Amino acid sequence: MRIDIITALPKLLESPFSHSILQRAQDKGRVVVAVHDLKKYGLGKHNQIDDYQFGGGAGMVMMVEPILNCIQDLQAEREYDELIYMTPDGELFDQKIANRLSLKENILILCGHYKGVDQRIRDHIITREISIGSFVLSGGELAAAVVSDAIIRLIPGVLNDESSALYDSFQDDLLAPPVYTRPSEINGWLVPEILLTGDFPKIEAWREAKALEITRAKRPDLLDKESL
Ligand code: ADE
């Protein structure tokens, strides 16, 4: 899989992809993440990428031309399955969207800044708009990193068996059961005895029951969704 990210602040995206699972996924060749500096496509002497909005109003708007030129250069190299714009008014990101996107070959993500991008880019170029929550970030970069992380860890071969995504919260509309490690007792705090028995069918049944109990207590909406 390949993820191309277009941003006015490429440095913001250096760290999230340079550690742990995301770095290893790239080292193993499971994913290529390419970050593109929109300023390279800026106009004039000052590489301008934004301008005042028509009709007046505070805040700059990202211009059509630099974005269009950048996207067209990338499209000359490959076809994209999705051209995604990160925006607080997009569809709310969840595990189902992550699952679907993890099956794609080429994804392009455009990060907005300032007041956002000229609407014509959204109307004519973008195929999908995604929000990571009902709050406003200073730009789309951190949101793009969140979405990319959730997608990349689902690509087959990225996680090893021990950290398999199958047991993640939300994977089957359930939150994950609690986990424990050594020591089995500290300060009088005990690990549930069942986990120490080695009886794996019983442990599995306990985990399923716990997952259901926790989901019912913390996110009953996830269970309601199932009965829709
Ligand atoms: N850009 C600014 N806020 C955002 C959000 N909540 N989700 C996605 N992109 C954003």
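The values are calculated or read from the model by the stated rules, or taken from the named source; none is laboratory data. Worth saying up front: this structure is predicted, and the values here are computed from it rather than measured. Here Cβ is always computed from backbone atoms with ideal geometry, including for glycine, and neighbour counts include all displayed protein chains. Accessible surface is based on the protein model in full, side chains and every heavy atom, while ligands, DNA and RNA are left aside. Shrake-Rupley method; radii C 1.70, N 1.55, O 1.52, S 1.80 Å.
Here's the picture: charge each Lys and Arg Cβ at +1 and each Asp and Glu Cβ at -1 in the chain, and of 63, 179, 102 the one pushed furthest to the positive end of that dipole is 63. Between the range 51-66 and the range 156-212, what's the alpha-carbon centroid distance in Å? After rounding, the separation between the Cα centres reads 51 Å.
Using only DSSP helix segments of four residues or longer, with each worth -39500 (n - 2.57), what per-residue ellipticity at 222 nm results for the chain after dividing by its residue count and rounding to 500? Can you show the working numbers first?
Numbers: 7 runs with 73 residues, N = 228.
Dividing the helical sum by the residues of the chain leaves -9500 deg cm²/dmol.
Each residue was assigned an accessible area with a 1.4 Å probe, and for residue 197 the value is about 80 Å².
For the set 189, 206, the ranking by accessible area, highest first and with no ligand, DNA or RNA atoms included, is 189, 206 under a 1.4 Å probe. Looking at the range 1-56, the chymotrypsin sites (Phe, Trp or Tyr not before Pro) that sit in a DSSP loop and have at most 10 other Cβ atoms within 10 Å of their own Cβ are 54. Normalised by the number of residues in the range 1-55, the average gap of Cα pairs under 8 Å and 6 or more apart makes the relative contact order 41 percent. Using all pairs of distinct alpha-carbon atoms, the Kirkwood hydrodynamic radius of the chain works out to 20.1 angstrom. Taken about its Cα centre, the chain carries a charge dipole of about 380 debye when Lys and Arg each add +1 at the Cβ and Asp and Glu each add -1 at the Cβ. Ignoring ligands and nucleic acids, what accessible area does residue 5 show with a 1.4 Å probe (Å², nearest 10)? Surface accessible to solvent at residue 5 totals approximately 0 Å².
Could you work out the relative contact order of the range 2-152? I mean the mean sequence separation of Cα pairs under 8 Å and 6+ apart, divided by the number of residues, in percent. Could you put the intermediate results ahead of the total?
Numbers: 252 pairs, mean separation 45.2, N = 151.
Over the range 2-152, the number comes to 30 percent.
Whole-Hz Karplus values for the range 27-33 come out as 4, 7, x, 7, 8, 10, 10 Hz, taken residue by residue from phi with 6.51 cos²θ - 1.76 cosθ + 1.60 and θ = phi - 60°; glycine and proline positions read x.
Go ahead and collect, in residue order, the members of the range 137-181 whose backbone nitrogen is under 18 Å from a label point 7 Å along the Cα-Cβ direction of residue 97. Counting only backbone N, you get 137-155, 170-173. On a 0 to 90 degree scale, rounded to 10, what angle separates helix 141-152 from the longest Cα axis of the chain? Here the helix axis deviates by roughly 50 degrees.
The range 104-163: which GluC sites (Glu not before Pro) are DSSP loop and have at most 11 other beta-carbon atoms within 10 angstrom? Mind showing how you got there, number by number?
On the way: sites: 105, 129, 141, 162; in loops: 105.
When the GluC sites (Glu not before Pro) of the range 104-163 are filtered for loop state and at most 11 Cβ neighbours within 10 Å, 105 remain.
Simple rule: put +1 on each Lys or Arg Cβ and -1 on each Asp or Glu Cβ in the range 102-228, find the dipole, and look at 197, 119, 154; the Cα lying farthest toward the positive end is 119. The lysines within cross-link reach of residue 39, meaning a Cα-to-Cα straight distance under 20 Å and a gap of 8 or more places when in the same chain, are 11, 115.
If I stretch the segment between residue 39 and residue 72 completely, what's the gain in nm (0.36 nm per residue apart, minus their alpha carbon distance), one decimal? Write out the running numbers ahead of the final one.
Numbers: separation 33, 0.36 × 33 = 11.88 nm, distance 1.51 nm.
Between residue 39 and residue 72, full extension yields 10.4 nm more.
For the chain, which whole percent of the accessible surface, found with a 1.4 angstrom probe, sits on carbon and sulfur atoms? Present the calculation step by step, with values, prior to reporting the outcome.
Values: 7190 of 13690 Å².
It is 52 percent, rounded to a whole number.
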